[in-house]
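Student: Let me give you the structure first, and then I'll get to my questions.
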Amino acid sequence: MDETAVERILRIVELIPSAHVVAYGTVGAVAGCSPRYVGRVMKEFGSNVTWWRVVNAAGVLPPDIRARARIHWDAEGTPYSPQRVGRSAFLDVDQLDELWRTHGIDPDCG
C-alpha cells in the first residue's frame, strides 16, 4: 500500500466530527482513491482512528463490528436504527472536503 495514501485517509477520517459519519466513497473522493481502497486501509490500519465514523453508502457496517460501533455512536449521539446510521448523520463530499482543506495536513506537506 502507498504509505502517503494510507496516512492521508487516516488523517481525513480523524477530521470527521463526533456524531457524524461518511461513506467509504466520500473519504475516497477527498483522498483521491477508491472506496475499496479506503475499506482496505480501514481494515488494516484504522483501529487507532475513529473507524466507527466510516460506513458504507447505506449507513451500514459489517455485523462483526457494528456492535462495537454502536457503543461509540451512543456516546457521541449519532442517530442510528438497529441496522444503519441515520441519513442526518452523514457528511457529504463537499463538507468533508472543506474540513480537509481547512484543517487537514497532507502527509506530502508535513
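Student: Every residue in region 33-46 that is within 15 Å of Thr4 (Cβ to Cβ), open to solvent by less than 70 Å² (accessible area, probe 1.4 Å) and not β-branched (Val, Ile, Thr), please.
Tutor: The answer is Cys33, Tyr37.
Student: Determine the pairs where a residue that is farther than 15 Å from Pro79 by Cα, located within region 51-68, has a partner that is of a type outside the set (Ser, Thr, Tyr) with Cβ atoms under 6 Å apart, the partner being 6 or more residues away or on another chain.
Tutor: Trp51/Met42; Ala57/Ala23
Student: To continue, here is another question. Looking only at region 83-94, decide whether some residue is out of contact with any strand residue (DSSP E or B) (no Cβ under 9 Å at 6 or more places or on another chain) and modelled with pLDDT under 95.
Tutor: yes
Student: Collect the residues in region 53-77 that are open to solvent by less than 60 Å² (accessible area, probe 1.4 Å), of a type in the set (Gly, Ala, Ser) and part of a helix (DSSP H, G or I), keeping them in residue-number order.
Tutor: Scanning region 53-77 gives a single hit, Ala69.
Student: For region 33-52, enumerate the residues that are part of a helix (DSSP H, G or I) and among the hydrophobic types (A, V, I, L, M, F, W, C).
Tutor: Residues of region 33-52 part of a helix (DSSP H, G or I): 35-48, 51-52.
Scanning region 33-52 gives Val38, Val41, Met42, Phe45, Trp51, Trp52.
Student: Pick out the one residue from Val60, Val13, Val27 that is in contact with a helix residue (DSSP H, G or I) (Cβ under 6 Å, 6 or more places away or on another chain) and among the β-branched types (Val, Ile, Thr). Reasoning before the result, please.
Tutor: Details: Val60 fails: in contact with a helix residue (DSSP H, G or I) (Cβ under 6 Å, 6 or more places away or on another chain); Val13 fails: in contact with a helix residue (DSSP H, G or I) (Cβ under 6 Å, 6 or more places away or on another chain).
Result of the check over Val60, Val13, Val27: Val27.
Student: From the list Val13, Val6, Val22, Val30, which residue is in contact with a strand residue (DSSP E or B) (Cβ under 7 Å, 6 or more places away or on another chain), buried (at least 17 other Cβ atoms within 10 Å of the Cβ) and assigned to a helix (DSSP H, G or I)?
Tutor: Being in contact with a strand residue (DSSP E or B) (Cβ under 7 Å, 6 or more places away or on another chain), buried (at least 17 other Cβ atoms within 10 Å of the Cβ) and assigned to a helix (DSSP H, G or I) holds for just one of Val13, Val6, Val22, Val30, which is Val13.
Student: How about region 72-86: which of its residues are among the small types (Gly, Ala, Ser) and touching a residue at least 24 places away in the same chain (Cβ under 8 Å)?
Tutor: Gly77, Gly86 - these are the residues of region 72-86 that are among the small types (Gly, Ala, Ser) and touching a residue at least 24 places away in the same chain (Cβ under 8 Å).
Student: Looking at region 87-105, I want the residues that are open to solvent by 50 Å² or more (accessible area, probe 1.4 Å) and have a partner that is outside any helix (DSSP H, G or I) and modelled with pLDDT of 95 or more with Cβ atoms under 6 Å, at least 6 apart or on another chain. Which pairs are those?
Tutor: Ser88/Pro79; His103/Leu15
Student: In addition: List the pairs whose first member sits in region 14-32 and is without any contact (Cβ under 8 Å) to a residue 24 or more places away in the chain, whose second member is buried (at least 22 other Cβ atoms within 10 Å of the Cβ) and of a type in the set (A, V, I, L, M, F, W, C), and whose Cβ atoms are under 6 Å apart, counting only residues at least 6 apart or on separate chains?
Tutor: Gly28/Val38
The values are calculated or read from the model by the stated rules, or taken from the named source; none is laboratory data. All figures in this text were calculated on a predicted structure; none of them were measured in a lab. Cβ coordinates were reconstructed from backbone atoms using ideal geometry, including for glycine residues, and neighbour counts include every protein chain displayed. The area values use the complete protein model at the heavy-atom level, side chains included, leaving out ligands, DNA and RNA. Shrake-Rupley method; radii C 1.70, N 1.55, O 1.52, S 1.80 Å.
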